[in-house]
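The values are calculated or read from the model by the stated rules, or taken from the named source; none is laboratory data. Owing to the predicted nature of the structure, the values given are computational and were not obtained by experimental measurement. Using ideal geometry, Cβ is built from the backbone for each residue, glycine included, and neighbour counts are taken over all protein chains shown. When the accessible area is computed, the model is the full protein with side chains, heavy atoms only, and any ligands, DNA or RNA have been set aside. Shrake-Rupley method; radii C 1.70, N 1.55, O 1.52, S 1.80 Å.
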Amino acid sequence: MELLLNLTINGLATGMLIFLLAAGLTLIFGLMDVLNFAHGGLFAWGAYSSVWFYSLTESFVIAILGAILTGIILGFITEKLIIKPVYGNHVQQILITLGFMLVLTEMLKVVFGPNQIAAKTPPYFVGSWEFGDVIIIKYRVFIIIVGFLVFGIFQYILKKTKIGLIVRAGVMNKEMVKTLGININNVFLYVFIAGAVLASLGGALMAPYSGVIYAEMGMEFAILGFIVVVIGGMGSFPGSLLAAVLVGLTGSYMAYYVPSLSLAVNMMIMAIVLIFRPQGLFRVKG
Amino acid sequence: MTTKYQWNNIFLTIIVIVLFIFPFVTDSRTWTILLTQIFIFSILAMSYDILLGYTGIVSFGHAMFFGIGAYTTAVMLDRVEPTVGVFILSIATGMVIAGIISFIVGLLTLRLKSHFYAMLTLALSGLFLVLAEKWRSLTSGNDGFTFRAPEVFKDRMVFYLVVLVCLVVVYILLRRFVQSPLGHVLVAVRENEQRTKSLGYKVLHYKVIASIVAGVVASLAGALYAISLRFVNTSVLTMDITLDALLMTIIGGVGTLIGPIIGAGVIELSQHYLSGLAKDYPIFERWIIFFGILYILAVIFFPSGIVGTIRQAFHKRKKPRVVEEKPSNSKGES
Amino acid sequence: MNTMLKVEGVHTYIGQYHILQGVNFEAKEGEVSVLLGRNGAGKTTTLKTILGLTPATKGCITFKGQEITKKPTHVIANSGIGYVPEDQGIFATLTVEENMKVAMRNEDEVTMRKQDYVLDLFPDLKTFWKKDGGLLSGGQKQMLAMARAFVGNSQLLLIDEPSKGLAPIVIEKVMEAIIDMKKQTTIVLVEQNFMMASRIGDTYTLLDDGETVHSGMMQDLIQDEQIKRKYLGIG
Ligand SMILES: Nc1ncnc2c1ncn2[C@@H]1O[C@H](COP(=O)(O)OP(=O)(O)OP(=O)(O)O)[C@@H](O)[C@H]1O
Ligand SMILES: [Mg+2]
């Protein structure tokens, strides 16, 4: 029973991290029709920059803020330099974002060195709570709470604010949004930066969770992110949360019971969804 | 037009002859090995060009087929016996396996839109990598295994010539393929899939054919690669292989066949020199970053690569004359 | 009366296809100008070109004396042009209220008065205020699309085939609404239904094969059996 509970908490925490990555991916795809293969790079940069800020200041808050700042800057650069020039051309988009992923990953090695780096958990999140036989690791609970909080905030923005309204409208019909007098290019930029911030926040939270960070973690997580986006339905924000939790839990249970199959099972789910229900579990576009 | 075509052929023939003579006049081991490597990756890049350049499909899973070829040859030479006969048989086996897998994968996935296809192939090749890492009894996982190549290939020069012959044959066959009616349909798919569909072509069939051809050729490249190292490990299935093929094709020039060969040359050579520089300037340890940047610039500014850009420049110089001729013609008629 | 919109010698390409090959027409303030022509004549493309969705490659479009030919779509829309597309362009998972809100530049008194006005005109929208746009009937979607374009403070409405696929009784309603709206805005209307076009149009422009072939007062067209037969297949 404790085991199951622990696996569940573990899976939920992983799921939340994947969600943070996938949320941006799905919004960017839904609105801009761009599948950003460099998104994992933003995640990895978030992780590295938070570890760097933490080693400098010993403050977890500053580490997170530093990661968010990195996300904003990289998001801005990526949208302006990488996405914009090839807007509307799918093949070029796929090629260029993958190339940028390569550059982001290699840049990490140039700046921070090619080896793994240890990431510390801030003292107040070290340890666990014990309820009888059940041991709950504090930091995992923290991740889960942050994940739900972020979901809540974004859901509020999407549902209740004008910009959220415009984003939801844009996901359905970009041309119509333009004819209503809205400069959709600005909206693209904001959404892209928001997605980048989510990814880098995810990376920052990931670092203490796994204990080590390395440049390739971006691509590894991005693949999970893609799986989630496909399962949840491209452009669906709630869909990505649900699918991320599903993938996180599957990964966690499988990793314990049949470790060699954990990634395979998730890919299998994605393949099945793509083949039989290519629009994902949640359909967004008309 | 015909004369230009003939000149191209004569030019290519001369280059091939020079390359054939090359190992007889020099005994630089480094160069023989480097050129062998370039030829192998040329084959891989050309196979990728069939997908990207001629059919307009972006696959992130091409390493799958390269790896299948590499492992089939390595395992058969290791388990059966290191003879030329087994070598040839292993290449054929690798091609058949690659063909069957690309057929199944293609049939299931090629109906998807470009984004989804790219993503799914990325995931599938990831799956193959995991599989190879776990199936240790066959692959020895990440540690890999060394094996003995057929005795004749011990001579680097012989192997060089064998690979060069493979390259020339593959080039000629693929050239024929893209110039056949089938190849023209592929180009039509790339240019306007919707329109090709409405003209009554079964687009999916053609895409599957393209992916089988690409997969089979890639497996040949993988087999040759394994022999050249006499060693194989899971690195043949990694994203890096796909990225190499992608870079070579894009930088050389998509949809030209000759471009990927030039791209392979450019990249292998600069990789060789840049990693040489790394001793003095550590930044060059990360030489791949330069290719990444070069590649991004190429996608934005020179989407047709080295060969394509040169061809365009060539055509631009010729075009004005054609335009000038037209009005005078119509005047003469009226 | 002042000229609100002027389209002069406009050519438009979509991809490699030369769709518009010389479109000319004018819309005067307070009038309903009707674009006529058979299927594929280029009526929709003309509206899209005015809005910059399929930008003109040649020619000149002026709105309220300002050239808007090469401006981006949102700038053109913000200068005071509203659009009701052929497929209505309703945001399916947004409620009726949210659909209206996306279109509002701000929520000042003028805009709210406009909203009250259109809700009086189309009481159905008030009934389904919190319902998703995708769940509305065809007629209600048409009304929502018109209402939405109207609250965007537009002085000119471009309406593309509002009668398409609607029952006669609903067409009647839409037509009355347009006649009513005409008191407050200028309207360019694409309409195949000649009965409707002739009843509410002040002027007409006839397109064929992407070109303006005739234009003039609607009354004259009603009399002109020859043109009607040649280009519209009626009369
Ligand atoms: N995206 C496009 N690509 C190619 N051709 C197009 C495109 N959009 C429109 N066309 C062509 O442009 C021409 C004009 O189309 P348009 O939609 O403007 O006609 P229309 O007058 O509105 O017709 P209808 O009464 O059927 O709505 C048609 O021949 C159409 O086939
Ligand atoms: Mg139309």
Please give the peptides C:222-232, B:22-32, C:152-162 ranked by average Cβ packing (other Cβ atoms within 10 Å per residue), highest first, as a rough proxy for protection.
C:152-162, C:222-232, B:22-32
What value, in deg cm²/dmol to 500, does the helix sum -39500 (n - 2.57) over DSSP H runs of n ≥ 4 give at 222 nm once divided by the residues of chain A?
-25000 deg cm²/dmol
Restricting segment A:175-250 to GluC sites (Glu not before Pro) in coil, as DSSP defines it, with at most 16 other Cβ within 10 Å:
A:216
With a ≥ b ≥ c the root eigenvalues of the C-alpha gyration tensor of the protein assembly as shown, is it rounded (a/c under 1.5), prolate (a/b larger than b/c) or oblate?
oblate
Could you rank the peptides B:84-93, C:89-98 by their average count of other C-beta atoms within 10 Å per residue, with the highest value first?
C:89-98, B:84-93
Peptide A:104-113: average number of partner chain Cβ atoms within 10 Å per residue?
3
Rounding to the nearest 10 and keeping the result within 0 to 90°, find how far the Cα-based axis of helix C:168-181 lies from the longest principal axis of chain C.
90
Starting from the Cα gyration tensor of segment A:68-181, take the square roots of the eigenvalues, sort them a ≥ b ≥ c, and report rounded, prolate or oblate (rounded when a/c is under 1.5, otherwise prolate if a/b is larger than b/c, else oblate).
oblate
Helix-only mean residue ellipticity at 222 nm for chain B, each DSSP H run of n ≥ 4 adding -39500 (n - 2.57), per residue, nearest 500:
-26500 deg cm²/dmol
³J(HN,Hα) across segment A:206-217 via Karplus (A = 6.51, B = -1.76, C = 1.60, θ = phi - 60°), whole Hz, x for Gly/Pro?
5, 3, x, 5, 8, x, 10, 10, 8, 4, 6, 4
Which residues' amide hydrogens lie under 5 Å from the amide hydrogen of residue A:233, considering only partners 5 or more residues apart or on another chain, with H built in the peptide plane?
A:281, A:282
Excluding residue A:109 itself, what net charge comes from residues whose Cβ is under 12 Å from its Cβ, given Lys and Arg +1 and Asp and Glu -1?
-2
Please identify the DSSP H helices in chain B that span no less than 27 Å along the helix axis (Cα) and have a mean Kyte-Doolittle hydropathy of 0.5 or more.
B:2-25, B:29-49, B:84-109, B:114-134, B:156-179, B:203-229, B:258-277
Listed by chain and number, the residues whose amide H is under 5 Å from that of residue A:34, excluding neighbours fewer than 5 places away on the same chain and using placed H, are A:29
Starting from 0.36 nm per residue, how many nanometres of slack lie between residue B:92 and residue B:270 once their C-alpha separation is accounted for?
60.8 nm
Using a 10 Å cut-off around each Cβ of peptide B:291-298, what is the average number of partner chain Cβ atoms that fall inside?
6
Could you give me the ³J(HN,Hα) list for segment A:75-88, computed from phi with Karplus coefficients 6.51, -1.76, 1.60 and θ = phi - 60°, whole Hz, x at Gly and Pro?
x, 4, 4, 4, 5, 5, 8, 9, 7, 4, x, 10, 4, x
What is the average number of partner chain Cβ atoms found within 10 Å of a Cβ in A:200-206?
0
Sorted by mean Cβ packing within 10 Å, highest first, what order do the peptides B:218-226, B:197-205 take?
B:218-226, B:197-205
Heavy atoms only, 1.4 Å probe, whole protein assembly: order B:113, C:131 by accessible area, highest first.
B:113, C:131
